[in-house]
Amino acid sequence: MTDFLSGIGFDVHAVTPDPNGHLMLCGIRIPATLRVIAHSDGDVALHALVDALLGAIGAGDIGEHFPDTDPRWKNADSTEFLKYALSLCAEKNTVLVNLDITIICEKPKISPQKAAMRDRLQKITGLSPARINIKATTTEKLGFLGRAEGIAAQAIVSLKC
Ligand code: MG
């Protein structure tokens, strides 16, 4: 009998205006009029995804594995965090079945980048495109996300074992 595991992740980073800025989201560099304030590359989508994977296998959270006080992770490429989490999942004899991510921000517009994000995640996870979903929403200008003071992401995964 196949067992299924599920995991959920959430992440927020502050952003600040920068006319020549960019954001990293799902491993894709997106030109923007703001930049993230973070120890690593601040990829909230990948951080949420890593937490979802770690949650599914009972392996704690991203902060335990990659503390933001550790100079090794300064400006770190978050795709390395994802590869690490996937390797832990493999060690636990689990197989990723699907992933679903919601990016929450007022700007930049995410829709034009969704296909590139899915391609990037497909290459890293080995999932088929139909098993990768990326959504984007705003908070209707409400709160810190609506004021473009931050960017957030949620992720959920299913694994089989
Ligand atoms: Mg983070």
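Observations
- Any hit, the range 88-107, residues being among the hydroxyl-bearing types (Ser, Thr, Tyr), away from the ligand (no atom under 16 Å from the Cβ) and buried (at least 16 other Cβ atoms within 10 Å of the Cβ): yes
- Filtering the range 21-32 to residues that are modelled with pLDDT of 95 or more and either under 25 Å from Pro67 (Cβ atoms) or not hydrophobic (A, V, I, L, M, F, W, C) (or both) leaves Gly21, His22, Leu23, Met24, Leu25, Cys26, Gly27, Arg29.
- Residue list for the range 138-156, restricted to those being open to solvent by less than 10 Å² (accessible area, probe 1.4 Å) and out of contact with any Asp or Glu (no Cβ under 8 Å at 6 or more places or on another chain): Gly150, Ile151
- Helices (runs of 4 or more DSSP H) enclosed by the range 75-161 - at least 2 residues per element that are on the phi < 0 side of the Ramachandran plot, within 14 Å of the chain's Cα centre (by Cα) and not charged (D, E, K, R): 78-91, 114-125
- Selection status of Ala76, open to solvent by less than 30 Å² (accessible area, probe 1.4 Å) and without any contact (Cβ under 8 Å) to a residue 40 or more places away in the chain: yes
- The range 10-46, subset without any contact (Cβ under 8 Å) to a residue 60 or more places away in the chain and among the hydroxyl-bearing types (Ser, Thr, Tyr), residue least open to solvent (accessible area, probe 1.4 Å): Ser40
The values are calculated or read from the model by the stated rules, or taken from the named source; none is laboratory data. In this text the structure is predicted, and so the values were computed from the model without any measurement. Cβ sites come from the backbone with ideal geometry, for glycine too, and all protein chains shown count toward neighbours. Note: areas computed on protein heavy atoms with side chains; ligands, DNA, RNA excluded. Shrake-Rupley method; radii C 1.70, N 1.55, O 1.52, S 1.80 Å.
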